[in-house]
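The block underneath contains the structure these notes are about, expressed in structure tokens.
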Amino acid sequence: MKLTFAGTGSAFCMAAENFQSNMVLETTPLGDEQPQRLLIDCGSDARHSLRNLGHLPNDFDGVYISHLHSDHIGGLEWMALANYFVFDGHRAKLFAVKELLEPLWEHSLRGGLETSDHGNSQLSSYFDVVPLKAKDGFDWQDMHLDVIPVPHIVTSETTMFSYALFGHGAKTSFFLTTDAIFNPAAHMAFYQKADIIFQDCELGPRHSGVHAHYDELVTLPDDVKAKMWLYHYQAYDKPDAKADGFCGFIEPEQVFDLG
Ligand SMILES: [Zn+2]
Ligand SMILES: [Zn+2]
């Protein structure tokens, strides 16, 4: 099982050489020659970032959606239509918590996908939709993935959650924060039990409050930082993360062998 970062940028990352933070989880099942791939989030950059990795939209057996910001779902219309029209109706499973599915369709995708050559379409016209319950997580190939609601935007009126992943690999476990506020009390149990932490990390002068900022993450205990890789960052000069005790900033197209 390996995890490849198609990009490591934030939603608004202006770097020409980086893309939004979407990842490819890939494994080749025993006795099978064909790799199975799960795309973790499909942002507006996915058409380009996946092409750079050598992937076409029909190379994916599944797509997991963490939340409804366009750097995580903005590429789904492209994937749906490309698979439908160009790749003989290839269908990927679409994994997302049940709460996200109706707003994903009604507020984000319906305008572009509803009217098609075969009449009115729905999400299930393009994808094999797998509604998830956060408490159950899901299995993908030989890995179980826990789905963890994490507050991403907290206002006086509402809280927008993202759904982080904790992957139980045969040899290696990982915690992938997706987009989350700095929340060490809630995350510490996952930080402690993971072998590798993939942590969204804001850089620069603005502390948005919707992601953990580097200045906050640097205060975490040394044993947590020692297994923490940083991603979802802006195109500012990076601090010396290794000197501060982290594993470092993930580079675009970096691959992690999860055993
Ligand atoms: Zn994001
Ligand atoms: Zn977000």
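Some observations on this one:
- Only one of Ala185, Ala134 that is in contact (Cβ under 8 Å) with a residue 12 or more places away in the chain and either surrounded by 14 or more Cβ atoms within 10 Å (Cβ to Cβ) or under 30 Å from Val218 (Cα atoms) (or both): Ala134
- Residue in region 39-47 that is away from ligand 2 (no atom under 16 Å from the Cβ) and assigned to a loop (DSSP other than H, G, I, E, B) present: no
- Members of region 227-248 that are within 16 Å of ligand 1 (Cβ to nearest atom) and more than 16 Å from the chain's Cα centre (by Cα): Gln234, Ala235
- Region 223-245, residues that are hydroxyl-bearing (Ser, Thr, Tyr) and within 16 Å of ligand 2 (Cβ to nearest atom): Tyr231, Tyr233
- Some residue of region 47-56 being more than 16 Å from ligand 1 (Cβ to nearest atom), surrounded by fewer than 23 Cβ atoms within 10 Å (Cβ to Cβ), more than 23 Å from Gly137 (Cβ to Cβ) and touching a residue at least 60 places away in the same chain (Cβ under 8 Å): yes
- Subset of region 226-235 [of a type outside the set (Phe, Trp, Tyr) and open to solvent by 10 Å² or more (accessible area, probe 1.4 Å)]: Ala226, Lys227, Gln234, Ala235
- Strands (runs of 3 or more DSSP E) contained in region 151-222 and holding at least 1 residues among the small types (Gly, Ala, Ser), within 14 Å of ligand 2 (Cβ to nearest atom) and under 19 Å from Thr8 (Cα atoms): 159-168
- Hits in region 2-44 (condition: of a type in the set (Ser, Thr, Tyr) and either within 13 Å of ligand 1 (Cβ to nearest atom) or surrounded by 21 or more Cβ atoms within 10 Å (Cβ to Cβ) (or both)): Thr8, Ser10, Ser21, Ser44
- The one condition in (1) under 20 Å from Ser173 (Cα atoms); (2) touching a residue at least 12 places away in the same chain (Cβ under 8 Å); (3) surrounded by fewer than 24 Cβ atoms within 10 Å (Cβ to Cβ); (4) polar (S, T, N, Q) that Ser66 fails to fulfil: (3)
- Any hit, region 84-100, residues being within 16 Å of ligand 2 (Cβ to nearest atom), within 27 Å of Gln234 (Cα to Cα), outside any loop (DSSP other than H, G, I, E, B) and touching a residue at least 40 places away in the same chain (Cβ under 8 Å): yes
- Pair list, Cβ under 7 Å, 6 or more apart: region 1-15 residue within 21 Å of Met143 (Cα to Cα), other residue open to solvent by 20 Å² or more (accessible area, probe 1.4 Å) and within 10 Å of ligand 1 (Cβ to nearest atom): none
- Selection status of Lys225, under 30 Å from Gln36 (Cβ atoms) and not aromatic (Phe, Trp, Tyr): no
The values are calculated or read from the model by the stated rules, or taken from the named source; none is laboratory data. Just so we're clear, the structure is a prediction, and the values are computed from it rather than from any experiment. With ideal geometry, Cβ positions are generated from the backbone for all residues, glycine too; neighbour counts draw on all protein chains shown. For accessibility, only protein heavy atoms count, side chains too; no ligands or nucleic acids. Shrake-Rupley method; radii C 1.70, N 1.55, O 1.52, S 1.80 Å.
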